[in-house]
Amino acid sequence: MLGQDEIWRILSLAQEACHADANQVSLIAEDSGLTRFANGGIHQNVAERNAVLQVKAILGKRTGYVETNALDEESVRTAAQTAVEFARLAVENPNYVDLPGPNAQTQGGAQWDEATAACSPEARADLVGQVLAEAEPQAVVASGSLSTAGIERAVMNSRGLRAYYRNTETHLVVACTKATGNGWAERHSPWLHDISAASAAKEAVQGCLSAQEPQAIEPGDYPVVLMPYAVEDMLQTLGWMGMGALAVQEQRSWMAGRIGEQLAGANVSVWDDGLDPRGFVRPFDPEGVARRRVDILKDGVALGPVYDSLTAHKEGRQSTGHATSALGNWGPSPANLVMPGADDALEDLLRRMGRGLLVTRFHYTNVIHPIETTFTGMTRDGTFLVEGGQIVRPVKNLRFTQSILGALNAVEAAGRDVRLFQHTLCPPLLIHSFHFTGGTDF
């Protein structure tokens, strides 16, 4: 890793060379390793070390922007000077908003794990070995990936803003196959010791063995219990459909004109919180603005989207710290969605459902209508018929076409097994009606 002192030195050098009315310089440095395994063995191990300097130069209401990963003194100065030249050539932006000044809570809450940052190929291979040790005795073929990374982020601007944090990430994905069945498991954490590779493998292996010889079932409306993998996919899709203020302002969000309305069940709340220690803490956004908790759905009522500086300025608001880039051209987006769990174990959800389907995860989901929140996709890696509150047999995968808000209006209960994903914390859900439109041959 570069370290905080070296990053400040590089950013200061870029600022000195950026002769503009205002400037923002930022740097993202990452040391990462990735081990992939398939057909019962490791087939790839790669490592990457990279750092990207971003320079935004402002002349009046004109902006120039440059990125480079060449960090020697000459290259840094050249990047800064080029950004100024680009600004001179740019057209004025009538919606230009001044850079943010210093703001609180941009330094704390980072999660740094030396074991993750220093994780060697051999250490990752040992964890993969735990996966294979669970799969091989069952004649199950395990595939997947394990990645570890240490990441530093820093932002500095001409208004005196200085923000820095570092964190670590570990991501494990396990896919198991045998004959006619498939299983799946994921584990995500800032801390290497939280990645229980054996536990993930057991989950995927058991799912694979339970899914053997699936039988076809008629499509239609079914009660479902969605495992957190499926819920995460659904929430991320809903976020993409319009939890950012730009989508609302452009009237292409499901929230447009409906803020304050009951859009989901009264037992459904969703918020975004970049400082929640259960997730991947991200104290500030690419503009250097401290992230704030934003309640998006509270007791089913739409309270509003997340904002960056530009969209907040349009409404006379303050940014909530959800910019997606230094330029702001993509608009704001949630980065740490949270849906709370409740008291029920998975077995309790199945008993409450009685008869219906247990869905492990979704695959190949696509948006059909963002304002109506309609999406489509397929079930994958374990879909099971439940009768009398018990799993009775696996069924072949089904295609669905469903309104996400419709599903969230049909939530009967949430489970207590809240899982962490890269951008989401969520539980399993019991939903009393989910629309399946077709079947598959597998």
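Residue-by-condition table, conditions (1) buried (at least 18 other Cβ atoms within 10 Å of the Cβ); (2) in contact (Cβ under 8 Å) with a residue 12 or more places away in the chain; (3) closer than 28 Å to residue 357 by Cβ:
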{"site": "161", "(1), (2), (3)": "yes, yes, no"}
{"site": "169", "(1), (2), (3)": "yes, yes, no"}
{"site": "185", "(1), (2), (3)": "yes, yes, yes"}
{"site": "200", "(1), (2), (3)": "yes, yes, yes"}
{"site": "213", "(1), (2), (3)": "no, yes, yes"}
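Hey, among the residues in region 239-282 that are open to solvent by 40 Å² or more (accessible area, probe 1.4 Å) and in a helix (DSSP H, G or I), which one's nearest to residue 335 (Cα to Cα)? The residue in question is 240. A single member of 208, 176 is buried (at least 23 other Cβ atoms within 10 Å of the Cβ), assigned to a strand (DSSP E or B) and touching a strand residue (DSSP E or B) at 6+ places or on another chain (Cβ under 7 Å), and it is 176.
The set of residues from region 215-236 being of a type in the set (Ser, Thr, Tyr) and open to solvent by less than 20 Å² (accessible area, probe 1.4 Å) comprises just one member, 229. Restricted to region 307-327, and to residues there that are open to solvent by 10 Å² or more (accessible area, probe 1.4 Å) and small (Gly, Ala, Ser), the residue that is nearest to residue 65 (Cα to Cα) is 325. Within the span defined as region 34-52, every residue fails to be of a type in the set (Gly, Ala, Ser), within 25 Å of residue 168 (Cα to Cα) and in a loop (DSSP other than H, G, I, E, B).
Within region 291-306, the residues that satisfy the criterion of being open to solvent by 10 Å² or more (accessible area, probe 1.4 Å) and assigned to a strand (DSSP E or B) are 294, 295, 298, 301.
In summary, residue 372 fulfils each of the numbered conditions (1) acidic (Asp, Glu); (2) within 29 Å of residue 205 (Cβ to Cβ); (3) modelled with pLDDT of 95 or more with the single exception of condition (2). Please count how many residues of region 349-373 are within 20 Å of residue 397 (Cβ to Cβ), more than 20 Å from the chain's Cα centre (by Cα) and β-branched (Val, Ile, Thr). Summing the residues that are within 20 Å of residue 397 (Cβ to Cβ), more than 20 Å from the chain's Cα centre (by Cα) and β-branched (Val, Ile, Thr) in region 349-373 gives 2. When restricted to residues that are touching a His at 6+ places or on another chain (Cβ under 9 Å) and within 28 Å of residue 176 (Cα to Cα), region 236-251 contains 1.
When each of 169, 152 is tested for being in contact with a strand residue (DSSP E or B) (Cβ under 9 Å, 6 or more places away or on another chain), more than 15 Å from residue 33 (Cβ to Cβ) and of a type in the set (D, E, K, R), the lone residue that passes is 152.
The values are calculated or read from the model by the stated rules, or taken from the named source; none is laboratory data. These figures come from a predicted structure and were not determined experimentally. Quick reminder, even Gly has a Cβ in these numbers, built from the backbone with ideal geometry, and neighbours come from all protein chains shown. Ligands, DNA and RNA are excluded from the accessible area calculation, which covers all protein heavy atoms including side chains. Shrake-Rupley method; radii C 1.70, N 1.55, O 1.52, S 1.80 Å.
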